[in-house]
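Here is the structure we will look at.
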Amino acid sequence: MPLLHGKKSLPFILAAVLLGFLSLPSASGGNENTQNPFKGRGPWFERDEAGEIRLHLYFFWSNKCPHCKRAKPFLEKLQREHPWVLLNELEVTENPENARRFAEMVESIGEKSRAVPALLFCGGMVQGFDREENSGTQLMKLLTQCRVDLTAYLAPPEPMPEIPARQSPSSNGQSTLVMWAVLVLVVSGAAVFWGTNRLKK
C-alpha cells in the first residue's frame, strides 16, 4: 500500500486508533509479562536513573507531507517541555529502512494504514495532525494518561498490614481455669490458717 502524504482524503483531525494502553491490564490482573504490557513491537517505554517511566513516541513522517511538517515543531517542543517523552523521528520517503520499520510496527499492532504523519506509542497509533490546540492537546492527554496507567501497573504491590495475634478460645479457657485454681488455693490457705490460729487460742 503506498504511503499517503497528507492528501485531501486524509482527515485533518487527530484520530486515535486502537491505543494499546486502553486495554492495559490492571495492577491486580496478574499479567505474566509485566515488563511489556503493550502489544506490538516497541520498545514502548523505559525507566530513567530515578526509576521514572519514559515513553517512546515514534513519529513517522515524510518530507513531502505538509501535515508532517506542521506536526514536527510541536513534537520537538513537546519533548523539550516533557523529558519523559522520547521522540523518535523517522522519515519514510527517503529512508527505506524507516519505511520498512513503519510497516512492521503497524502490522505488529494489528493495523494496516500507512498514512503519515503517524504517531505510535503505548502499543497504539494516532494518525493526522491539524493544529496544536486540537491535535496537540489530544495527543498530550493520551500520552499523560498512558504514563499514569503504566506507572500504576508497574508499581510494586503494597505490603499487607500486620494483624495482631489472637489467642485461641481454648487458650483463653485454660487461662481462666488457672486463675480460678489459684484463687481457690489462696482462699483455702487463708481459711486453714485462720482456723489453726483459732484452735490454738
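Bear in mind that the values in this text are calculations on the coordinates, not laboratory data. What you see is a predicted model; the values in this text were computed from it and never measured. Counting neighbours? That spans all protein chains shown, and the Cβs are built from the backbone with ideal geometry, glycine included.
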Net lengthening on full extension, THR144/GLU94 (0.36 nm per residue, minus Cα-Cα): 14.8 nm
Order of ILE109, ILE53, ILE163 under a 10 Å beta carbon neighbour criterion, fewest first: ILE163, ILE53, ILE109
Gain upon complete extension [THR151, ARG41; 0.36 nm per residue less C-alpha separation]: 37.6 nm
Theoretical FRET efficiency, 1/(1+(r/R0)^6), r = Cβ-Cβ of THR137 and GLU158, R0 35 Å, to 0.05: 0.55
Distance between modelled label sites at LYS69 and GLU49, nm, 7 Å Cα→Cβ extension: 4.0
Listed residue pairs exceeding 26 Å between alpha carbons, taken from LYS39/LYS77; LYS72/LYS141; LYS64/LYS141: LYS39/LYS77; LYS64/LYS141
Additional length obtainable on full extension of the chain from GLN79 to LYS112, 0.36 nm per residue less Cα span: 9.1 nm
